[in-house]
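Q: My questions will all concern the structure given below.
The values are calculated or read from the model by the stated rules, or taken from the named source; none is laboratory data. What you are looking at is a predicted structure, and each value in this text was computed from that prediction instead of being measured. Neighbour counts are summed over all protein chains in view; Cβ atoms, including those assigned to glycine, are modelled from backbone coordinates with ideal geometry.
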Amino acid sequence: SYRDRELARLRNQKIGFIFQSFHLINDLSVLDNVEIPLLYRSQNGKPRSEYAREALEKVGLANRVKHFPRQLSGGQKQRVAIARAIVGNPELILADEPTGNLDSAMGNEIMNILETLNQGGATIVMVTHDEQMAKRTHRLVRLFDGTQVQ
């Protein structure tokens with residue numbers, strides 16, 4: 001229906017998604033994984049690969065464009081997932097446990113990237129069970145069994 005197509009267009013153009021388990025396609029290179037959202041979006045000007053390279057530069061992975069997910073560490077995979085989420089400069093980023101599968105050092109690196117994106121104007125909604133990461137946010141909403149508490 002028209003409404004479904006409009007919602008899909010809105011999701012694709014305005015929202016970036018960061019999944020806890022990355023959802024990268026193992027048979028595609030890092031660059032190709034980051035380009036995926038652009039396949040469903042009309043881009044004016046530069047080729048998709050340039051936008052993808054810029055996003056990878058922002059997360060410190062410009063030197064990994066030809067690598068495949070199986071060749072990356074967990075932290076690198078998460079940064080590829082973030083690059084894929086930001087490649088179209090979304091206004092909203094939904095992040096599901098973006099540091100959940102990472103050690104504390106890499107988790108801090110990911111939070112630094114998210115903070116930089118937020119300072120650049122993106123709204124970030126993040127789900128986390130990590131108190132230290134939650135304390136770094138501007139606003140904290142606690143939920144228990146689907147109900148807001150505190």
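Q: In the range 48-143, which helices (runs of 4 or more DSSP H) lie fully inside it and hold 3 or more residues that are within 20 Å of residue 38 (Cα to Cα) and within 14 Å of the chain's Cα centre (by Cα)?
A: Correct list: 48-58, 74-86.
Q: Then there is this: Which one of the conditions (1) exposed (fewer than 11 other Cβ atoms within 10 Å of the Cβ); (2) more than 17 Å from the chain's Cα centre (by Cα); (3) at pLDDT below 95 does residue 39 fail to meet, given that it meets all the rest?
A: Residue 39 satisfies every listed condition except (2).
Q: Another one. Go through (1) without any contact (Cβ under 8 Å) to a residue 24 or more places away in the chain; (2) farther than 25 Å from residue 127 by Cα for residue 9 and report which single condition fails.
A: It fails just one condition, (2).
Q: Which residues, taken from the range 83-101, are hydrophobic (A, V, I, L, M, F, W, C) and crowded, with 20+ Cβ neighbours inside 10 Å?
A: Listed by number, the residues that qualify are 83, 85, 86, 87, 93, 95.
Q: Sort through 79, 64 and tell me the only one that's in contact (Cβ under 8 Å) with a residue 12 or more places away in the chain, more than 27 Å from residue 136 (Cα to Cα) and of a type in the set (D, E, K, R).
A: 64
Q: Pairs only if they're at least six apart or on different chains, beta carbon under 8 angstrom, first in the range 133-145 and within 17 Å of residue 105 (Cα to Cα), second surrounded by 10 or more Cβ atoms within 10 Å (Cβ to Cβ) and polar (S, T, N, Q); list them, first residue then second.
A: What qualifies is 133/99; 134/128.
Q: Here's something else I'd like to know. Might you check whether a residue that is over 13 Å from the mean Cα position of the chain (by Cα), outside any helix (DSSP H, G or I) and more than 15 Å from residue 87 (Cα to Cα) occurs anywhere in the range 15-25?
A: The answer is yes, given that some residue of the range 15-25 is over 13 Å from the mean Cα position of the chain (by Cα), outside any helix (DSSP H, G or I) and more than 15 Å from residue 87 (Cα to Cα).
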